[in-house]
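Contents: one structure, followed by commentary.
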Amino acid sequence: MVAAAAAASVVVAGGVYAGTVGLRDRLPRPIGCVVQAAGTVSLGPDQMANAATIAAVGARRQVPEQAVVVALATAFQESRLHNLAGGDRDSVGLFQQRPSQGWGTPEQIRDPRYAAERFYSALLKVHGWQGMRVTEAAQRVQRSAFPEAYQQWAADSGVLARALLGNASGAVACTVARIPALRGAAATTALTSMVALDWGAVATPPPDRLTGLALAAVDSQSGWRYAHWLVSHADDNGVKRVRYADLQWTAGAGTWSKIRDGSPNADQVVAEVFADKK
């Protein structure tokens with residue numbers, strides 16, 4: 001009787017457990033990104049996409065890594081990396097730049113690429129900025145009422161810069177929406193356009209008749225720059241899988257893992273997008 005009761009208890013417990021797992025599987029997954037590169041930073045999907053674009057513009061302009069750190073720290077403090085429609089007085093966008101101060105029109109400043117370009121141009125004109133603390137360099141550009149505030153973001157910005165500039169492998173991992181906003185040809189077109197805008201790079205069709213794009217990697221650093229950028233923009237562009245070298249990120253897992261099928265490819269970064277609904 002004791003054994004039978006115990007067996008019955010196990011069956012009941014197993015049923016409860018299975019039901020809990022099934023319920024858990026049906027719940028919405030938390031959407032966001034974790035960056036690990038000699039430190040850890042967690043961001044929402046729009047924050048991650050904006051950070052990736054800021055870093056890409058810096059890389060395209062071949063600015064020093066420290067300039068990217070300063071730019072990211074500034075955007076962290078001014079907008080928390082959200083592309084804001086407004087702010088103090090007439091401030092707009094990621095860096096809260098002001099049209100009345102000659103930064104551009106509100107429409108221009110709301111373009112993350114334009115805003116990043118203008119910030120880097122202003123920073124590079126600051127004499128001796130490379131030898132300054134992050135907050136001092138940022139303040140010389142921003143003229144904030146809180147000149148020390150940028151320093152609190154220096155460490156996080158260093159983590160992001162290392163990852164987004166390709167100085168770490170498999171360092172950006174994002175969990176994305178189960179139902180992507182873009183799919184198929186629309187996703188591929190959007191990604192191809194954004195690659196050209198952020199990187200000035202030309203995407204090619206991916207191998208094996210996949211729906212998506214491929215980017216040539218001249219070395220490991222450029223490969224991981226592209227790979228991390230693609231994952232950073234996955235949520236808003238329907239990216240299903242990113243492969244580079246011997247690692248792949250998948251939307252299903254939200255993490256990087258070893259590629260088990262096929263040989264490593266260090267010459268291309270391949271992004272597969274979700275197929276159109278049938």
Members of region 37-51 found to be under 24 Å from Ala181 (Cα atoms) and in contact (Cβ under 8 Å) with a residue 24 or more places away in the chain, listed by number: Leu43, Pro45, Asp46, Gln47, Met48, Ala49, Asn50, Ala51
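What residue, of Gly238, Gly254, Gly223, Gly158, is farther than 16 Å from Asn50 by Cα, in contact (Cβ under 8 Å) with a residue 24 or more places away in the chain, touching a helix residue (DSSP H, G or I) at 6+ places or on another chain (Cβ under 6 Å) and small (Gly, Ala, Ser)?
It is Gly238.
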What number of residues within region 100-113 satisfy the criterion of being more than 15 Å from Val68 (Cβ to Cβ), crowded, with 20+ Cβ neighbours inside 10 Å and within 24 Å of the chain's Cα centre (by Cα)? 1
Which ones in region 79-100 are assigned to a helix (DSSP H, G or I) and closer than 20 Å to Met48 by Cα? Ser79
Every residue from region 52-78 that is in a loop (DSSP other than H, G, I, E, B) and either free of Cβ contacts under 8 Å to residues at least 40 places away in the same chain or among the β-branched types (Val, Ile, Thr) (or both): Gln62, Val63
Filter region 246-278 down to the residues that are under 17 Å from Gly212 (Cα atoms) and of a type in the set (Ser, Thr, Tyr) and list them by number. Thr250
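Would you mind finding the one in Gly238, Gly212 that is within 20 Å of Asp267 (Cβ to Cβ), small (Gly, Ala, Ser) and outside the structural domain of Gln47 (by TED's automatic domain parsing)?
Step by step, each of Gly238, Gly212 is checked, and only Gly212 is within 20 Å of Asp267 (Cβ to Cβ), small (Gly, Ala, Ser) and outside the structural domain of Gln47 (by TED's automatic domain parsing).
The values are calculated or read from the model by the stated rules, or taken from the named source; none is laboratory data. Since the structure is predicted, the reported quantities are computational estimates derived from the model, not experimental observations. Heads up, the Cβs are rebuilt from the backbone with ideal geometry, glycines too, and the neighbour counts pull from every protein chain shown.
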